[in-house]
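Remarks on the structure that follows.
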Amino acid sequence: MALSSDDLRRLWGEPLGEGAPPPGTRLGPLVTDSRQLQAGDVFVALEGERFDGHAFLEQARERGAQLALISRTQQRRLPPGLPGWAVDDTLAGYQTLALLHRRSLAAPVVAVTGSAGKTTTRELIRTLLSALGPVVASVGNENNDIGVPRTLLRAGEAEAALVVEMGMRGLHEIERLSNCSEPDVAVITNIGTAHIGRLGSREAIATAKCEITAALRPAGLVVIPAGDPLLEEALGRVWNGRVRRVALEGDEHRGGPAADCIAALGRNEQGPSLELEGVSLPLPLDGRHNARNLLLAVAVARELGLPDSRLDLSRLDLPDGRSQRRVQGGLTLLDQTYNASPEAVIASLEQLASEPGRRFAVLGTMLELGDRSVELHRRVAARAAELRLDGLLVLDGGPEGDAMLEAAAPLARLQRAPELEGAAAVLTDWLQPGDTVLLKASRGVALERLIPLLPSWDPASPPC
């Protein structure tokens, strides 16, 4: 990390306590979790609704912290022997230091947001850009006020690129993350209804997602799917720089500028492929929505100078629960248990409907949909009925579950189960070797717990 004690003095004046590092001293890694603190680290005492880092200042001293960043209101808690700098807001201070570090790096920063597909698109971009050299990217849930600066601070001088995912729970959060990272390229995967319970409308969601341009560098680029007038209107209010729009042949175009790059779904010797401008790129993930995510990633790679001849996704490795296809005990499982929004669930159901053989879906609750929750759950289940799936199991005991059962009534196999054990019993009765099962719900449902409970058969000895 390129930060020094001189940066702290320029920002916040002279330190508190004795033993402060002299001018020109290089700072150790910034750490926000005292349990991970090592000798020589800088401890940032963050404050939240359910935690207060100032309670661990003594522990930081005992572990040999170089210094601490603390709130001005908590100066009395700084223990003897631990120097510190006092700031108005330690989270804002943490983000300021991450920004200073980001400015010291030559590598471009790619920021990714959207209502669905953020992590998948992030990983597609990371994998493609790895052909240019080492890439630092968000991991796990590093997509918030704490996680984005942590990602930035992990990068060193050797990196070829940084890829940061930006999530949000309300207005102005992505704006803060953009200000912290000053991206060179911003990607908005889509505008859906995730978090509509918090923001109230898709228009507000579009506004929040377009905050990614708040500190986008003037010569930067925004990459978006073509044909969404809501996104175009929100983006036009805040960005007048370059925009690259992508689309798949057959995509619905509801207005606005046409796509700059249009690709087709095809097939080459390796299987399903994305065909664009003379390039045939194998599709590593199922579903039309994932092909569109890949097209966004290709646009980023081209912007950063990667030639088409070096586009390679052979090392793509997605986190568990995200677009995972696995074969287990005679079943094909489409494991998408990590999270869910109405648009993502419908895309996954359409992917399921394209699978051979019998197709079953297990759908849990989609959270944070507010007053529209029942309506949106009904819409998802109605799409399952239109696709004529072989069975739908609803893992919800509330009004959302009632709406899904009503909307999916035409299906021959339709049942609800309020808990995992009941769901496993239903599926044991329904399923047979060769079936495909989609599992999708919001993170709070933890639907992945159902996977080890599913029926299993020895392929050599199928049931009679």
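The values are calculated or read from the model by the stated rules, or taken from the named source; none is laboratory data. Computed from a prediction, not measured in an experiment: that's the story for all the values here. Positions of Cβ are generated from backbone atoms using ideal geometry, with glycine treated the same way; all protein chains shown enter the neighbour counts.
Just a few scattered comments:
- Taking the criterion of being at pLDDT below 90 and assigned to a strand (DSSP E or B), the residues of the range 242-271 that qualify are Arg267, Asn268, Gly271.
- Asp320 more than 24 Å from Ala160 (Cβ to Cβ), surrounded by 17 or more Cβ atoms within 10 Å (Cβ to Cβ) and among the acidic types (Asp, Glu): no
- Count of the range 1-30 residues which are part of a helix (DSSP H, G or I) and charged (D, E, K, R): 4
- Taking strands (runs of 3 or more DSSP E) as the structural unit, those lying wholly within the range 134-241 and holding at least 1 residues that are closer than 23 Å to Asn293 by Cβ and without any contact (Cβ under 8 Å) to a residue 40 or more places away in the chain correspond to 135-137, 221-225.
- Exclusive hit being over 21 Å from Ile451 (Cβ atoms) and either touching a Leu at 6+ places or on another chain (Cβ under 6 Å) or free of Cβ contacts under 8 Å to residues at least 24 places away in the same chain (or both), set Ala407, Ala403, Ala425, Ala412: Ala412
- Within the set Ala382, Ala446, Ala407, the sole residue that is surrounded by 20 or more Cβ atoms within 10 Å (Cβ to Cβ), assigned by TED's automatic domain parsing to the domain that holds Phe360 and of a type outside the set (D, E, K, R) turns out to be Ala407.
- Top-ranked residue of the range 234-259 - restricted to ones that are among the charged types (D, E, K, R) and surrounded by fewer than 14 Cβ atoms within 10 Å (Cβ to Cβ), ranked as nearest to Glu211 (Cα to Cα): Arg237
- Residue match in the range 6-21 (condition: out of contact with any His (no Cβ under 6 Å at 6 or more places or on another chain), free of Cβ contacts under 8 Å to residues at least 60 places away in the same chain, crowded, with 19+ Cβ neighbours inside 10 Å and not aliphatic (A, V, I, L, M)): no
- Note on the range 188-234: among residues that are of a type in the set (Lys, Arg) and under 23 Å from Leu304 (Cβ atoms), the one that is nearest to the chain's Cα centre (by Cα) is Lys209.
- Residue in the range 316-324 that is free of Cβ contacts under 8 Å to residues at least 60 places away in the same chain and out of contact with any Gly (no Cβ under 7 Å at 6 or more places or on another chain) present: yes
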